[in-house]
Amino acid sequence: QRSIWLSRHGESEWNVYGKIGGDADLSPRGEAYALKLPELVKQSFGPGEDHPLTVWTSTLKRTIATARHLPQEWNQLQWKALDELDSGVCDNMTYAEIKELYPEDFEARDQDKYNYRYRGGESYRDVVIRLEPIIMELERSENILIVTHQAILRCIYAYFMKEDQEKSPWLNVPLHTLIKLTPRAYGTDKEVFKAGV
Ligand code: F6P
């Protein structure tokens, strides 16, 4: 029985300041999650389940740092296609700053979050398209752990849970939580493991 493990990166310095995008390091809490992740993965294994996982991260520092305490012998692969939704000119800004500088864009995103494309950046719809090769690779792989970003995980999660992709921008994918998805004949089983850090 194959499963897919999903996790956001540990809390980053930008998460602490409420800034979006960027390529920040982990915060101290985020580092604590990275240290806890190997144990959390072990906890997620069913009885008798013990095998290596292949770890996929984005190319951004916060996902690589989150995966770095996982067993050395597990293969790790970095995918550009797993980088966070590109927020273009709004990269590294807080939502309050965006509202102040680009009030019309802020409103437009609120009206249609799935289709709204940041100036010089991406929409959720764009992300769903760029994730196609990832989804195809996932469909033919076994036991992958993906450490990536909020918007990306929402789209991957929606795909496997057979949720309408247009709902993905509002799905709740919290920090410091490991999700194990096991596709079965009748649907996908979901187990959630909280790190408590
Ligand atoms: O705040 C963290 C973050 O991953 C940002 O980098 C990203 O722009 C945002 O979440 C995506 O969430 P939303 O689409 O709800 O703004």
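No lab work stands behind these numbers, since they all come straight from the coordinates. Computed from a predicted model, the values in this text were never measured in an experiment. No Cβ is skipped: glycine too gets one built from the backbone with ideal geometry, and neighbour counts run over all protein chains shown.
Choose one answer from HIS176, HIS69, HIS51: the residue with the largest mean-square fluctuation in a GNM of the chain with alpha-carbon springs under 10 Å.
HIS51
Describe numerically, in nm with one decimal, the distance between label points set 7 Å from Cα along Cα→Cβ at THR182 and at GLN76.
Each label point is offset 7 Å from its Cα along the Cβ direction, giving 2.8 nm.
Using a 10 Å cut-off on Cβ atoms, rank the peptides 144-150, 53-59, 77-83 from the highest mean neighbour count down. Kindly include the intermediate steps, with their values, before the conclusion.
On the way: 144-150: 23.3, 53-59: 20.7, 77-83: 16.3.
Order by mean packing, descending: 144-150, 53-59, 77-83.
Given 0.36 nm per residue, what is the gain on full extension from THR59 to ASP164 after removing their alpha carbon distance, in nm? Don't skip to the answer; put the middle values down first.
Values: separation 105, 0.36 × 105 = 37.80 nm, distance 2.75 nm.
Using 0.36 nm per residue and subtracting the Cα-Cα distance, I get 35.1 nm.
Note down the nm distance, to one decimal, between modelled labels 7 Å out along Cα→Cβ at LYS42 and at THR94.
With each label placed 7 Å out from Cα toward Cβ, I get 4.0 nm.
Once the Cα atoms of region 7-61 are picked out, what are the Rg and Dmax in Å?
That works out to 13.7, 42 Å for Rg and Dmax.
Looking at the chain as a GNM with Cα springs under 10 Å, which of TYR118, TYR17, TYR33 has the largest mean-square fluctuation?
Sorting by GNM fluctuation, first place goes to TYR17.
Would you please give the FRET efficiency between GLU107 and LEU171, computed as 1/(1 + (r/R0)^6) with r the Cβ-Cβ distance and R0 = 22 Å, to the nearest 0.05?
Values: r = 22 Å, r/R0 = 1.00.
E(calc), rounded to 0.05, equals 0.50.
Stretch ASP23-ILE135 to full length: gain in nm at 0.36 nm per residue minus the Cα-Cα span?
Contour length minus Cα-Cα distance gives 37.9 nm.
Give the aspartates and glutamates reachable from LYS61 as a straight Cα distance under 13 Å; neighbours fewer than 8 places away on the same chain don't count.
List returned: GLU11, GLU13, ASP23, ASP25, GLU31, ASP83, GLU84.
Have a look at ASP23, ASP164, ASP50 and tell me which one the Gaussian network model of the chain (Cα, springs below 10 Å) gives the largest fluctuation.
Result for the chain, Cα springs under 10 Å: ASP50 fluctuates most.
In nm, give the distance between the simple-model label positions of ASP189 and ASP126, each being 7 Å from the Cα along the Cα-to-Cβ direction.
3.9 nm
When we measure straight from the Cα of LYS194, which lysines land under 17 angstrom away, once same-chain ones fewer than 8 places off are left out?
Output for LYS194: LYS36, LYS42, LYS180.
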